[in-house]
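In what follows, a single structure is set out as structure tokens and then discussed.
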Amino acid sequence: MDSTFGIIFSAVFISNIILAQFLGLCSFLGVSKNFKNAFGMSAAVSFVMLLATILCYGVYHGLLVPYHLEYLQTLVFILAIAALVQLVEMFMKKSMPALHKAMGVYLPLITTNCAILGIALINVTKNYSLIDSIANSIGTSLGYTMAILLFSCIRERLDEDQMPPCMRVLPIALITASFMSIALMGMSGIH
Amino acid sequence: MLINELTKGIIKDNPLFVQLLGTCPSLATTSSLTNALGMGAAFTFVLIGSNIVISLIRKLIPDQVHIPCYIVVIASLVTVVEMIMNAYVPALYAALGVFVPLIVVNCIVLGRAEAFACKNGVVASILDAIGMGIGYTLALTIIASFRELLGSGKLLGHQILGAPFTPALIFILPAGAFITMGCVFAMVAYLRQRGAAHNG
């Protein structure tokens, strides 16, 4: 499955960023306690991930490769992402106050969301072209949104269920995530 | 008490079990004990380095840009670790994959810089980093031991559980990571609750 569609499909289902690759878990466990927060976070992550992918692709192929500085990728990417998040936040505050109000609190957290940096690094490792990188980042953000929204719905109901006190909140949430991950394993044969 | 700075990270303020930081690598790099120890070592190296540098330059950093400065320090150290691992333990480096560069965004490293190294001297910061590093490595080791033992019957590549035991492959797969971590967290919560009931 080398086609662009294949990349999107595999990023959503087969190698889902949270349930199969374990990236972005902090936000997955942290803001999935109710649906509204989960939606805000996934919108912010999807938006920044797309911009960050394009930016990192440009920086890597425009700046690092010509000067043989590939080994600096980690350092340069994290700075690029931090600067990007800062700019997006300033831009939103000024021209889209309503959106900023909805997404604003999640934006600073995104700098340290490993999903964003992870996807930028994976795109470089796999040698994706610009189109493939964009496809991968769209598929990944769809996968992230799907996982975190489903998970938040389950967690809202878990709060009301009875269970031993030591299983409350995090342990039961992780075991729930494990079952979601098993469900996605069924997809892994599709090529 | 300087010795407290060293010991608090191991049990009382364990970064993974108590502070719930750094969960991503704790699931991804614990499919075998070797990977977990490698990740713990790389992480501890970065944490010690960043705590030393940040506690040395803490009075020079302007307050408005302290987070970007910390990130530059941490990212430089991670790049050093990446190069060392790629040169001397290429197999381990390939197995850990993207999670070595992702130490940059590990919340524990930035968290210790922000909460400890920017307020304390070099010696205390080194001890704090060593304690936190041991605590995190210990947590990874516990999760990885369960997963490797149940998933393949081996520990560090040596066969431990023999013929009658059938390895449950699922523990090596992502789903097994979540379920092991959930059970270990439940165990920690149970012990803490029982301890609290005894003391209270």
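The values are calculated or read from the model by the stated rules, or taken from the named source; none is laboratory data. Model, not experiment: these values are computed from the prediction. With ideal geometry, Cβ positions are generated from the backbone for all residues, glycine too; neighbour counts draw on all protein chains shown. Please note that ligands, DNA and RNA were not included when accessible areas were found on the heavy atoms of the full protein model with its side chains. Shrake-Rupley method; radii C 1.70, N 1.55, O 1.52, S 1.80 Å.
Within the span defined as the stretch A:95-106, every residue fails to be within 14 Å of chain B (Cβ to nearest Cβ), out of contact with any Gly (no Cβ under 7 Å at 6 or more places or on another chain) and either in a helix (DSSP H, G or I) or within 17 Å of A:LEU51 (Cβ to Cβ) (or both).
For first residues located in the stretch B:90-117 and over 17 Å from A:ASN113 (Cβ atoms), partners that are hydroxyl-bearing (Ser, Thr, Tyr) and not in a helix (DSSP H, G or I) and lie 6+ apart or on another chain with Cβ distances below 6 Å form the pairs B:LEU96/B:THR29. The listed residues are A:ILE175, A:ILE138, A:ILE131, A:ILE154, and the only one of them that is facing chain B (nearest Cβ under 10 Å), touching a helix residue (DSSP H, G or I) at 6+ places or on another chain (Cβ under 8 Å) and assigned to a helix (DSSP H, G or I) turns out to be A:ILE175. Condition first: in a loop (DSSP other than H, G, I, E, B), under 19 Å from A:ALA43 (Cβ atoms) and within 14 Å of another protein chain (Cβ to nearest Cβ). Can you find one or more residues in the stretch A:144-151 that meet it? Within the stretch A:144-151 (the criterion being in a loop (DSSP other than H, G, I, E, B), under 19 Å from A:ALA43 (Cβ atoms) and within 14 Å of another protein chain (Cβ to nearest Cβ)), the answer is no, since none of the residues qualifies. Each residue in the stretch B:101-120 was checked for being in a helix (DSSP H, G or I), within 17 Å of B:TYR136 (Cα to Cα) and of a type outside the set (A, V, I, L, M), and 4 of them qualify. Only one of the listed residues (B:ILE126, B:ILE142, B:ILE160) is more than 15 Å from B:THR44 (Cα to Cα), aliphatic (A, V, I, L, M) and modelled with pLDDT of 90 or more. That residue is B:ILE142. Among the conditions (1) facing chain B (nearest Cβ under 10 Å); (2) free of Cβ contacts under 8 Å to residues at least 60 places away in the same chain; (3) at negative phi, A:CYS114 misses just one, which is (2). On inspection, B:VAL104 fails the criterion of being away from chain A (no Cβ under 14 Å) and surrounded by 15 or more Cβ atoms within 10 Å (Cβ to Cβ).
Applying the criterion of at least 2 residues that are within 23 Å of A:LEU23 (Cα to Cα) to the helices (runs of 4 or more DSSP H) found wholly in the stretch B:1-100 leaves B:23-28, B:33-56, B:66-88, B:90-96. Within the stretch A:107-126, no residue satisfies the criterion of being small (Gly, Ala, Ser) and open to solvent by 10 Å² or more (accessible area, probe 1.4 Å). Return the residue satisfying two criteria in turn: it lies in the stretch B:152-198 and is touching a Pro at 6+ places or on another chain (Cβ under 6 Å) and more than 8 Å from every other protein chain (Cβ to nearest Cβ), and of such residues it is surrounded by the fewest Cβ atoms within 10 Å (Cβ to Cβ). Looking at the filtered set, the residue picked out is B:GLY153.
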